[in-house]
1. Would you mention how many residues in segment 160-182 are under 18 Å from Lys293 (Cβ atoms) and of a type in the set (D, E, K, R)?
2. Evaluate segment 104-117: report whether one residue or more is part of a strand (DSSP E or B), within 24 Å of Ala297 (Cβ to Cβ) and within 9 Å of the ligand (Cβ to nearest atom).
3. Of everything in segment 11-35, what is touching a strand residue (DSSP E or B) at 6+ places or on another chain (Cβ under 8 Å), assigned to a helix (DSSP H, G or I) and closer than 27 Å to Gly209 by Cβ? Give them in sequence order.
4. What are the pairs with Cβ atoms under 7 angstrom where one residue, in segment 138-159, is under 18 Å from Val294 (Cα atoms) and not assigned by TED's automatic domain parsing to the domain that holds Gly90 and the other, located anywhere, is surrounded by fewer than 12 Cβ atoms within 10 Å (Cβ to Cβ) and modelled with pLDDT of 95 or more? Sequence gap at least six, or different chains.
5. Scan segment 269-278 and tell me whether some residue there is part of a helix (DSSP H, G or I), away from the ligand (no atom under 13 Å from the Cβ), outside the structural domain of Phe48 (by TED's automatic domain parsing) and under 18 Å from the mean Cα position of the chain (by Cα).
6. Out of everything in segment 284-293 that is within 21 Å of Ile172 (Cβ to Cβ) and surrounded by fewer than 19 Cβ atoms within 10 Å (Cβ to Cβ), what residue ends up being nearest to the chain's Cα centre (by Cα)?
7. With the requirement that a residue be β-branched (Val, Ile, Thr) and more than 14 Å from Leu277 (Cβ to Cβ), what does segment 202-260 give you?
8. For Ile171, indicate whether it is within 12 Å of the ligand (Cβ to nearest atom), part of a helix (DSSP H, G or I) and surrounded by 14 or more Cβ atoms within 10 Å (Cβ to Cβ).
Amino acid sequence: MLLEKNLPLKNLTSIKIGGRALYYAEPKDLKELKEVIKLSQVRDIPLFILGNGSNTILGDIKGLVLHTKNLSGLSVQQKNGKLRVEALSGTPLKEIIKLAVKENLKGIYKLLGFPASVGGAVSMNAGAFGVEISDFLKEVYFLSWEGELIKASRKELEFSYRKTPFPKLGIIYKAVLEFERSCEPILSDYNRIRKVRKEKQPINLPTSGSTFKNPEGDYAGRLLEKAGLKGFRLRELAFSEKHANFLVNLGNASFSEARDLINLAKEKVYDAFGVILKEEVKLIESSRSDGWKVLGA
Ligand SMILES: Cc1cc2nc3c(=O)[nH]c(=O)nc-3n(C[C@H](O)[C@H](O)[C@H](O)COP(=O)(O)OP(=O)(O)OC[C@H]3O[C@@H](n4cnc5c(N)ncnc54)[C@H](O)[C@@H]3O)c2cc1C
């Protein structure tokens, strides 16, 4: 399998910020996946699992970046009137959304409009408009860091708001999801959500979605706006004029700009409201001396 060296990462994230990866691999099957993980362990360098990079801001990774894009494929079965979907981790989530529209499936269509991979969505427990991907999850097949393929049922795993046991437990290889058909046509609600996203989110600019998680009982966007951060710019990076919780890259923004702006926003919100915002976005960089560890876990 081809291992690339010194690969620029910028174009692998939706916000288009990235340093370089010392090593980079795109395994195409389970055997190669195991090999890549082993390699990072043998060389004692940090490992980062990259899905579609839509929740990630990357600096220099003096380790190994493992991209899941080639672990892709969907299979669909009818079971007791429901649809059982098996999706490899690198499959774009939008393929499941397309299926939902075609088959008029309940709920999952609400996760339209963000460029996740299935593995990234499960690992983040992605959610929107009152649904989370874990609502549809039946099983996860993951490769443990000891190299064993494990099948876990949804009930054995803890999912909450943007919180899951992954990638701490291992790398998600395949997700099994189950969907019911809706009695009502879903298309008008699908179009309504599409319109809301277009109007309220800067989807035409490089962004990584929500920067901070919503604190309990409030919205990070509201607090950021009240603290004067809506539209606030630091060199090439800004909190969007459309949605205060979305960072947008206005040109050639860097990892350190992202880190500085995020820290500044946290300080301002804390000073104004006494609330400590927690990052939803994964800010990842590493030095070689970090040794083997899973970044972002
Ligand atoms: C315009 C826009 C709108 C968005 N709106 C929403 C929204 O409404 N709701 C929402 O929840 N998110 C939203 N997001 C954020 C983002 O799309 C989601 O968090 C998405 O689930 C990330 O998937 P990804 O494949 O891009 O993950 P990445 O960014 O590549 O990775 C995210 C994390 O998951 C881990 N990971 C990835 N693949 C695996 C795997 N196979 N096994 C184990 N760990 C893995 C990574 O190591 C990292 O820690 C939005 C983003 C954008 C750009």
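The values are calculated or read from the model by the stated rules, or taken from the named source; none is laboratory data. Computed from a prediction, not measured in an experiment: that's the story for all the values here. Backbone-built Cβ (ideal geometry, glycine too); neighbour counts: all protein chains shown.
1. 1
2. For segment 104-117, residues part of a strand (DSSP E or B), within 24 Å of Ala297 (Cβ to Cβ) and within 9 Å of the ligand (Cβ to nearest atom): present.
3. Leu12, Leu33
4. Every condition considered, no pair remains.
5. no
6. Lys293
7. Passing the criteria: Ile203, Thr207, Val248.
8. No; evaluated as a whole, the condition is false for this residue.
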